[in-house]
1. Quick check on my link table: of A:LYS665/B:LYS164; B:LYS71/B:LYS204; B:LYS29/B:LYS153; B:LYS204/B:LYS224, which ones sit more than 29 Å apart, alpha carbon to alpha carbon?
2. Using 0.36 nm times the number of residues separating A:LEU694 and A:ALA37, minus their current alpha carbon distance, what extension gain do you get?
3. Can you compute the FRET efficiency between A:VAL684 and D:THR129 using 1/(1 + (r/R0)^6), with r the Cβ-Cβ distance and R0 = 60 Å? Round to the nearest 0.05.
4. Among D:24-37, A:209-222, how do they line up from the highest to the lowest mean number of other beta-carbon atoms within 10 Å?
5. Provide the buried accessible surface between chains C and D in square angstrom, both chains summed, 1.4 Å probe, rounded to the nearest 100.
6. In peptide B:228-239, how many Cβ atoms from other protein chains are near each Cβ within 10 Å, on average?
7. At 7 Å along the Cα-to-beta-carbon direction for both A:THR608 and B:LYS204, put a label point, then send me their distance in nm to one decimal.
8. Summed for both chains, how many Å² of accessible area, to the nearest 100, are buried between B and D with a 1.4 Å probe?
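The values are calculated or read from the model by the stated rules, or taken from the named source; none is laboratory data. This structure is a prediction, so every number in the text was calculated from the model and none was measured. Here the Cβ is made from the backbone with ideal geometry for all residues, glycine too, and neighbour counts use every protein chain on show. Accessible surface is based on the protein model in full, side chains and every heavy atom, while ligands, DNA and RNA are left aside. Shrake-Rupley method; radii C 1.70, N 1.55, O 1.52, S 1.80 Å.
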Amino acid sequence: MVGDNLKMAGIVGFEGIAIFAWLVWILPFAGGAIIPAVAKVGKKVRDYTAVGFALASAISAAALIPLAFSGSEIHSQINWISVVNVKAGVLPDPLSIVMTNLVAWISFLIIIYSTGYMHGDRDLTRYWFFMLFFIGSMQLIVLSDNLLMVFFGWEGVGLASYALIGFWYYDKKKDFVGSIGDRAGGIAMWASPSHAGMKAFLMTRAGDTMMLAGMFMIFIYSGTFGFKELLQNQAWAAQMAHQNLLVPAAVLLFGGAVGKSAQFPLNEWLLEAMTGPTPVSALIHAATMVKAGVFLVARIGPLFFALAAFGMTQFFEVVAWVGAITAFLLATQAIVNPEIKKVLAYSTGSQIGYMMMALGIAGLSVNFVDGYAAGFFQLMSHAMFKASLFMGAGALLHTVGSRFMTDMGGLRKHMRKTYIFMLLASLSLAAAPLITAGFWSKDAIFAAVLESGYAHALPLFGVAVVVAAMTAFYTFRMIGMAFFGKKSKYLEEMEQRGHHLHEVGPNMWVPFAILAVATIATGVVGFIIGPQITNYLGGYLVHYFGIGKEVPSAGVSIAPEGGKTFFGLNPTAAAASFGAFAIGAILGYIVYIARKVDPEIISRNIVTRAIWKFLYNRWYLNTLLYWGAVIGPMAIYRIIWRYFESTIIDGISPAFQYTMAYFSKVVRAGQTGITQTYLFVFGVGIMIIVMLMLL
Amino acid sequence: MADLISTPLIVTLILGVVGLAIPIIDAFKKERGSNNRLYSGIAFGALIITIGFVIFRVLSGEVMPAVLFSKGVLTDDLFGSFFAIALLIVSIMVTASSWNYMKGRINPAAYYSLILLSSIGMVLIAYSTDLVMLLVAWELMSIPTYALAAFSKRDPISNEAAIKYFMFGALSSAILVFAIGLVYGITGTTNIGSSIQAMASLQKGLVPVGLLAIGLFIAGFGFKMGLVPFHMWLPDAYEGAPTTIGALLAAGTKKAGFAAALRVIVLGMFALNVDWTVTLAIVAVFTMTLGNLGALIQKSVPRILAYSSIAQAGYILIGIALAPYSNQALTGSLFHILNHAVMKSAGFIAAAAVAATLASYSLEKYRGLGRRMPITAIAFSISLLALAGVPPLNGFWSKLVLFGAAINSGSVVAWGPYLAIAGVLNSALSLGYYAWIIRKMYMEEGPDMSKVKEPRAMVAVLVFAMVFMVGFGVWHAPILQFASKAVPHLSNIVPTGSNHLSNIVPSSKTLHDF
Amino acid sequence: MTELIYYVLLSVVLVAIGIYGLVVKRNAVRMLFALEIIANAANLNLIAFSRNLSNAQGQVFALFSIAIAAAEVAVGLGIIIIAYRLYKEIDVEEFKSMRG
Amino acid sequence: MVDPVFIGVAVLTVGSAIISLESRELIYGAIALAISMLGIAGFFLLLESPFVAMFQIAVYVGAVAVLVIFTVMLVRTQALFTTKEDKGRKSAGIVLMLIFMVSIGAIFIVSALNNHTFGNPKASAIDFTAIGQQMLTYYSPALITLALTLAGAVIGALALARREEEIEQKND
């Protein structure tokens, strides 16, 4: 029995490597579970335990790497809910192995960083518990082989993010985001940690509900949640397509990803999520939470592409355009925001828009693997530089004690290491040509869009290029405002009060230095890495999904086979990429680094000022959200509830209660407490049973 | 005679030797009364070794698959092992929590010794294949519990409970002797297997006697199981007995009653070619309804738990009533038996923990317990929710299997689905009082909200139970598999053709046919 | 020669008398008497069947049963003695503090 | 044809059983119970099971009845000797008893057990050794269990009957 299970799980046989795939996600959960107990032993021990479990998980992830290089996958399953034949399992394949390593190692670095950043916090036990829980849930999403387990991880991530965003639930003013007192359309534009946590939880829950619906629609037709099983027998897809349910189900599933990855229209929670401690922001933005959505799309992408014959192209179109819109929307908002973490947050949403765009375009193009690999490459490089940037921003916050960039300035001399490594990571974000990972991944996306053969590829490309220029601009703006120019008044006052502006400790700067260097190193050899990824993923896709050689479906015009995508550098894409960087970077340099132009000029012209206000107030989306989804429904709810409660609940419930209580009294009246009565009933009972038997 | 290294004999040996050694050690000790921890430790160790041995035997695959016939008085099969594991878990939980409960109470040596002896009885019931062995094991289980129920000698309640329990117990065991005598008289043997074979080809004139015997068996075992006309003693005894012993009675001896019933009643009735399932179905519906109604407006927590265990017996009986029609139903019963053993003992032990610290069983004392005794409160809540069958706890799955089987049986017996409906309605009804307790613990504030120290051993036991309930709720496959393997294949009992029921037994119905 | 059925009927009569005693009598010791009567009736049944079948198993079982009944009596008396110590009487009908 | 000895012993047994329940004095009831047990032992002898009969006399008359009589004398107070019973309960009990007798008796009478007669007594008597053999071979685990049961009863009865004064106080 148990033996059978073990054998099924491949633990006994020599599919031994699968055990690491189990360990990767079980270890953080186990660590989280024992943290409260270990905390009783001692604070040091507790912190080391957290680090230790994160490391163990990361090493388990690393042990899977050979499998990725072999380009194959292992499917290890055990019985879970046998009643409806649902199995639990892990499915390490090249995609998930790379992802799991990214998650594991970046979170390990973040955990190290936390030992410095969170030092002395009174609730550190809770912090470690939720961090490990967070990592475990994310790894569950990455490695599991079926949608149901993914959903469990998904909810776990949601829960942990709620707990971590609202970690400082005692709502001190310094932990807020937004400028206090700022209102747009009557809605407060600032948020306390507990409010932000709740907002993130509810908004992602909207996505989760859609995902659940999509999942079960597919389950009803296919009878399985497993990715492999869905691929093997595609009769369900035909049936669903026949009833016009396939694309809606797929889009609903994508709704979950939209919520988690903070894509338009569920993007608003991401900004308030900055109330969490900075390592949490780094974790949410670099490796876990928001990447979960992208990963889900990447996981189901090939499957749905294999189903392209059933009209799945519509789904990919939705994905691509949602990505493009988000990328643009959030980039415009990033340009005007004064808070460093929020700029980074906008940028995350925008960059994830790129990834979605790439994954969407993959499904719309001849060569699925180009877009797919580009999106995935972008995910990798973004994970590295964004984690680095967040940790760097955290170092600034730690030293300065203010979240506003207007309170910084001129910090370059005081925080040398932070400056250098943040600059390196920023270059990657801004996609500085040829030497940064960001450049190569973004260029791959451009090329993929251009070569896709999708009918509306050009508008998409246009959006992508504009966003790239804006990205370069706000990146330089951020660096300029924080590190260049004169010290702000705030800093001067601080120094007068005797505060010394100092560099952070090594357990904080080393983690983000490692990542910053890694992103540049990747960039230097980017021309090799890109094609490598394409090769591996391509081989894997051909082998396991049968994607890559043949033309998938009608409705996609066939473009001639393009030139080499990566180092062969599609000329148009490369030119656009260079140009966008140049424009953005130069503008940013002039205004914020060299400080030749005062940014105040926009407030002098009424048009530019209106635009600025529009962008600053986040296109009034937050206002709409609150009026439409919170205040309005609450009012309606109150009205309905008043009538409902007074008439129906008050009417039915007591009647039922009294009836039941009456019967209960009858039963209890028989229970007289007198043994003889009981024995009499027993005797009568014997007679009754015997008579019933003989009847 | 059974194999010398068979599981039941080894279990008897280990527990018997330790059980008898404890009072002997006590007799030689100079100072009296303060050795609670020592004896608790010894008893706990012995039980752990025993359960380890049973599990080892099961895993090593040397245990026979569930068989019905054995030439000896004991068999070493999976059915027995399943019950042995369930019952030993209960004994372990009770012993471990008694570490706190018995603190400062008199005569711990006898207490633990009696628990161990009673455990042997419970386990042997599950393994026995002979009616004489069954009766002797039954008495070995019962007699120590009479004494245990009366163990709080200064407490009139405990004594009252013991008297009620004893009177019923002695009566039912005499009735069992009578019933066994009848079976022996008409079949000429006391071996269950042989007598069932003999019953299957019974001379027509003797069938009424056979049925009378089965009816008396139902009465005799039904008393322990808490089936409805025989249930009256149960709330009083469970409430009055020391609370840990309440756990032993509700979770342990009750389950042993089911083991005996499965071995004897179901098989015997099978052999008799008479449609008896309706009788059990009616009893099942009455049992669960009456249990839930009785629990609805009680003030004492152990009493609520006692009524709830009557109701749960009703659910389990669904599976037994449907046994001829689907193996899945019996699987569900076994699964629910194991789950209920853990859930109910967790409930009683939580009540014992509260009683040990706050010195009250009254529900009013539970107000604000969520803050006063957080671990106890959460464990208690989880066990209540599991009892109510809230997903994803383990109680949900066993009820799902049971009710599912009842619905599936609709193709064979028209009244099958009604049992499922009755079960679901009753679960909803039961949620009423379970939720009420939880509400008291978390939503209401008592006059005293200060935090109190929770008894450590009980907390450990409760944590174990929580892990069990949640863990096997999330991943119930192993237990379900074990249960489905432990179910005896009833279709093999009777030589084919001689029995009209054998035609409708789906011999290879698996759970996946849902 | 006496037929089997007379023994069986006699044992039924004794069982019925025992049940009557249990249901009606309030004195705990008398209830114990009633229990003993039932146990003995069951044993009588067993021996009669054993004699009928010429089979030793019934007698063995009767021996077991007698021993068990004795053990039960010992524990039962122990409980009754405690009741007497607590209440100074053994009227079972007065022991009804738990009910409902 | 019914054996007159059987009738005599039956009347003795049933009559003393009734007396044991209905006698005014509990102590006489105990003695009547002992006589009833002796009657049962007599039946065992009639059924050619002398070994069981001896055991019956030894255990019941020798041990149980004496134990009961001692208990009765130990707890001797007036309360024990007054027979209290409800009228309604008594009539209900009698009705239950009669129904039980009639219905279960009827089952036996209509069943095939009715025409079984014992065979030749000489040929079918059961040897003592057969009992011993059964006990030590087939029933040996049951015998071990029985030993444990008796041990459990002794431990339990001792634990209950023992008076404790010292530690118990604070727990009530």
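1. Working: A:LYS665/B:LYS164 22 Å; B:LYS71/B:LYS204 26 Å; B:LYS29/B:LYS153 23 Å; B:LYS204/B:LYS224 31 Å.
Violating the 29 Å limit, Cα to Cα: B:LYS204/B:LYS224.
2. Details: separation 657, 0.36 × 657 = 236.52 nm, distance 6.08 nm.
Length gained between A:LEU694 and A:ALA37: 230.4 nm.
3. Details: r = 45 Å, r/R0 = 0.75.
Rounded to the nearest 0.05, the efficiency is 0.85.
4. Working: D:24-37: 20.6, A:209-222: 19.0.
Ranked by mean Cβ neighbours within 10 Å, highest first: D:24-37, A:209-222.
5. On the way: alone 7510 and 13940 Å², together 14070 Å².
What C and D bury together is about 7400 Å².
6. Working: counts 3, 9, 6, 5, 13, 5, 2, 6, 10, 1, 1, 1.
Counting Cβ atoms of other protein chains within 10 Å of each residue's Cβ and averaging gives 5.
7. The modelled label-to-label distance comes out at 11.1 nm.
8. Interface between B and D: roughly 3300 Å².
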